Every structure is written in C-alpha cells, then in structure tokens.
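The values are calculated or read from the model by the stated rules, or taken from the named source; none is laboratory data. A quick note: this is a predicted structure, and the numbers were derived from the prediction, not measured. FYI the Cβ positions are ideal-geometry reconstructions off the backbone, even for glycines, and counts take in every protein chain you see. Side chains are part of the model used for accessible areas, which takes the heavy atoms of the whole protein and leaves out ligands, DNA and RNA. Shrake-Rupley method; radii C 1.70, N 1.55, O 1.52, S 1.80 Å.
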Amino acid sequence: MNTNTARTGFHQIHQILQAQNGIVRTADLVDAGIPTTYLSILTKRGELERVAWGVYQKPTLLEDEFFLFQSRHKAAVFSHETALFLHDLTDRTPQVFSCTVPSGYHSVALEESDHQVFYVKRKLVEIGLVELPSPHGNPLCVTGMERTIVDILRSRSRIEDQILFDALKRYARLKSNNIELLYRYAEQFRVRNVLRPYMEVLL
C-alpha cells in the first residue's frame, strides 16, 4: 500500500466522518473514489466500528437509530407517527419506526420487525418528500408535513385519535403551513373529503 495514498485516503475518511457526525458508509467511499479496504483497516485499529451492513461509526458515538434504520432499509421513507415526531407535530417519541415503502417491496428483516410498514403505489412514494436531520444531526428522508398529515388521515384506523387530532391542531397553527399543497396531496391520495371537515373546524 502506497503510504502517501493511504494517508490521503484516511484523511478523506476523517473529513467524511466530521461532515456526517461520526458516521461513514461504504457508499461514501465509493462515491469519493477511496478504496473500501481502508474501512477494514480503521476498524482493526479500533478507530471505527461496524454498526450495520456498509455503515461504520466512531466507537465513542451514540448510536443514531434513525440514520441506521434508513441505511439498512434504503427504500424506506420515514412517515406517519415517526414523521410527526421529526416535524415536531407530536410530543410522543416513537417506540417503533413508521415508514412507507413502494408496493411490492419485500424485506424479510423489515416485515418481521415490530416497525409499522405502510405500502403505497410506486408513483406515489416520492410525493412530498423532504430531508430532515435526525436527533443526532444526520440526514433522513421523511415525508413533508402536508404529505404526513394526508398519510395519517389515510391510515387513521391505525393511528390513535389523540395523535391525529393533536397533529392537525399543531399543523393548523403553524405559520409555515401550506393549505393549498395539503389539499392538493389530499386530492392525489383521495382523502380530500376526509380532510375538509377537520380543516373547517381548525382554520
């Protein structure tokens, strides 16, 4: 191994770690053109630990369960109650994650877990997605506020009434809400008639 090349590679990895709050993925190295064998070397030195397939972090770092979940399940988008938490539309910290995946997506690990999994048509999955930081500051793919409100209305039989009502009240009070977009999504997901009575009371 060329010493100068290795030194440069390790330096780049530490830059990635600094930029990503102590987490680095195999894919990050591939994108940067850094040999992935460097991760094994750093792991053997005790400078990194593998926490999931293709995901490494500094040993002293608290585990970012949100980020690790999406690293393991790349097709999963945080939605419903987990999205409410990330948007500060509920005070309840999720005990399990709620996520949306495309219809036909199959993951034994996800299906056999305790997490709440929702399925939608592939053409609808990417509507209204945003990037939000995890509690540890790492980027997450999450349904936006308007899409999240529509989702909990669509799945209201699986959502506690109190959570749904509180989320709607908080959303209605926000200066940043986008009612026009909310109704557009409600039309696309066929819950406009369900949404209207709630919003007539709250607005």
Exercise for review: Consider only pairs whose beta carbons are under 7 Å apart and that are at least six residues apart or on different chains; among these, list those whose first residue lies in the stretch 83-99 and is free of Cβ contacts under 8 Å to residues at least 24 places away in the same chain and whose second residue is outside any strand (DSSP E or B) and polar (S, T, N, Q).
Suggested key: F85/T93; P94/T82; S98/S79; S98/T82
Practice item. Could you tell me whether any residue of the stretch 57-73 is touching a Leu at 6+ places or on another chain (Cβ under 6 Å) and modelled with pLDDT of 95 or more? Key: no
Revision key, fill the gap. Here the residues within the stretch 53-72 that are open to solvent by less than 100 Å² (accessible area, probe 1.4 Å) and among the basic types (K, R) are K58
Study note, to complete from the structure: Apart from one, (1) modelled with pLDDT of 95 or more; (2) among the β-branched types (V, I, T); (3) within 15 Å of the chain's Cα centre (by Cα); (4) under 22 Å from E160 (Cβ atoms) all hold for T93; the odd one out is (1)
Review point. Give me the pairs: first residue in the stretch 42-69 and in contact (Cβ under 8 Å) with a residue 12 or more places away in the chain, second residue of a type in the set (F, W, Y) and open to solvent by less than 10 Å² (accessible area, probe 1.4 Å), beta-carbon distance under 8 Å, and six or more apart or on different chains, which are they?
Key: F66/F78
Check your understanding: Out of the residues in the stretch 1-58 that are of a type in the set (V, I, T) and assigned to a strand (DSSP E or B), which is nearest to R72 (Cα to Cα)?
Key -> V55
Check your understanding: Going through the stretch 88-116 one residue at a time, which ones are over 17 Å from F67 (Cβ atoms) and crowded, with 18+ Cβ neighbours inside 10 Å?
Key -> L89, T90, T100, V101, Q116
